[in-house]
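The values are calculated or read from the model by the stated rules, or taken from the named source; none is laboratory data. Please read all numbers here as calculations on a predicted model, not as lab measurements. Note: ideal-geometry Cβ built from the backbone for every residue, glycine included; neighbour counts use all protein chains shown. When the accessible area is computed, the model is the full protein with side chains, heavy atoms only, and any ligands, DNA or RNA have been set aside. Shrake-Rupley method; radii C 1.70, N 1.55, O 1.52, S 1.80 Å.
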Amino acid sequence: MTLRLSSAGESHGPALVAIVTGLPAGLMLDREAIDADLKRRQEGYGRSPRQQIEQDRVEVLAGLRRGRTLGTPLALVVRNNDHKNWTWGMAPWPTDEEPSGKGTKAVTLPRPGHADLAGVLKYGHEDVRDALERASARHTAVHVAAGAVAKALLATIGITVTGSTVDEKALHTNVDEARAERDTVGGVVEVRATGAPPGLGSYATKEDRLDARLAFALMGIQAVKGAALRGSQAHDEIRPDRRRDTNHAGGIEGGISNGEEIVVRAAMKPLPTLMKPLASVDLQTGEPASALVERSDVAAVEALAVVAEAAVAWELAVLAKDKFGGDAVGDFVAAHAAYVERIQWH
Ligand SMILES: Cc1cc2nc3c(=O)[nH]c(=O)nc-3n(C[C@H](O)[C@H](O)[C@H](O)COP(=O)(O)O)c2cc1C
């Protein structure tokens, strides 16, 4: 059975939950190891005071007995301590109580660079909080708990996975400077996996490619983009007509198109077939040998532009079809027209 992860949870809701299916039975889990990763996620230079309120701990509601997986769905919970300050504002059900605590007033000021504006337009929310609560990276906590479970499984076959920041010193200096100027910064992380045998992933289909899977996994994390600029320069200010004068975000915020031009770039590595071949091995003899020389492109960057265009068109078409539906093309077009009318996007 394929290992699958689904999660739910708002930033200031009662809890974050994850359900992991497809785990084999008999895997020993270590609660302290999971909690240690949750603690690591909360630490780090530049985090907000929220991290002092939260003390993330994993709870398991199903799938585990005395530390051993049962081979049944594993249900993980990380509670939001901060919810106690939002019990009215983030109550799952209507309540007769007087409004109190945080979240009682609608948020009406979308932050450039966040999911706020695109989120309210897409879902028809009146309170920006209805979009930002899930767009927030708070729920990465329960994904870290699931990652710790994944690491336990990988450890049984000798694979270890470690993430770290690149250039820790420069990062701290950047954070200090940005904080002093009431600004924000990004940075680069590196993840290394040791002990993986040859053979994970496949060239058979796009979906099977290891690099595609890792790109999907990493780009699925909030704020994973290339940006060397400060927050004040990187984000595109919102005009009263909800358009922007700049487009550093490339038309995507919070994983949603924001109405500006969608711009993506992809880097291509140098092609592997060299007319001056690199060192290799002859698989028949086991002896050192020069690699295969075969008729080959020197570069194919222009071809990649066409292939990338097709790939982007495909994904956008899939998403547009998801959003507007329609069995006849007229239905698709009409649903689109009704939507742009609703959000007054002309
Ligand atoms: C671990 C982590 C913590 C984050 N903390 C914050 C934060 O405190 N404030 C903030 O504005 N964005 C924070 N973000 C980034 C936002 O969640 C993200 O920019 C927003 O959801 C929009 O998504 P996008 O940047 O992928 O377009 C954080 C992201 C991660 C991965």
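Spacing of the modelled spin labels on residue 267 and residue 47, each 7 Å from Cα toward Cβ, amounts to 2.9 nm. Per residue of the chain, the DSSP helices (runs of n ≥ 4 H) give a summed -39500 (n - 2.57) that works out to -10000 deg cm²/dmol at 222 nm.
For residue 252, the solvent-accessible surface computed with a 1.4 Å probe is close to 60 Å², ligands and nucleic acids excluded.
Taking Lys and Arg as +1 and Asp and Glu as -1, the other residues whose beta-carbon sits under 12 Å from that of residue 170 total -3.
By the scheme Lys and Arg +1, Asp and Glu -1, what is the net charge of all other residues having a beta-carbon under 14 Å from that of residue 5? Let's see the in-between values first.
Working: positive: 4, 151, 213; negative: none.
My count for the surroundings of residue 5 gives +3.
FRET efficiency for the pair residue 298 and residue 85, taken as 1/(1 + (r/R0)^6) with r the Cβ-Cβ distance and R0 = 51 Å, rounds to 0.25. Here the calculated FRET efficiency for residue 183 and residue 243, from their Cβ-Cβ distance with R0 = 25 Å, stands at 0.55, rounded to the nearest 0.05.
Using 0.36 nm per residue, how much length does the chain from residue 221 to residue 166 gain when fully extended, once their Cα-Cα distance is taken away? Before the final figure, lay out each step's value.
Values: separation 55, 0.36 × 55 = 19.80 nm, distance 1.76 nm.
Fully extending the segment from residue 221 to residue 166 adds 18.0 nm.
Separation of the alpha carbons by more than 25 angstrom is noted, of 206/323; 39/105; 122/321; 39/169, for 39/105. Computed over the chain with a Gaussian network model linking Cα atoms closer than 10 Å, the most mobile of 224, 120, 77 is 224.
Among 285, 69, 156, the residue with the largest mean-square fluctuation in a Gaussian network model of the chain, with springs joining Cα atoms closer than 10 Å, is 285.
Using the Cβ-Cβ distance between residue 28 and residue 1 with R0 set to 25 Å, the FRET efficiency works out to roughly 0.80. Summing Lys and Arg as +1 and Asp and Glu as -1 over all other residues whose Cβ lies under 12 Å from the Cβ of residue 33 gives a net charge of 0.
If you run the Gaussian network model on the chain, springs between alpha carbon atoms under 10 Å, then out of 213, 242, 57 the most flexible one is 213.
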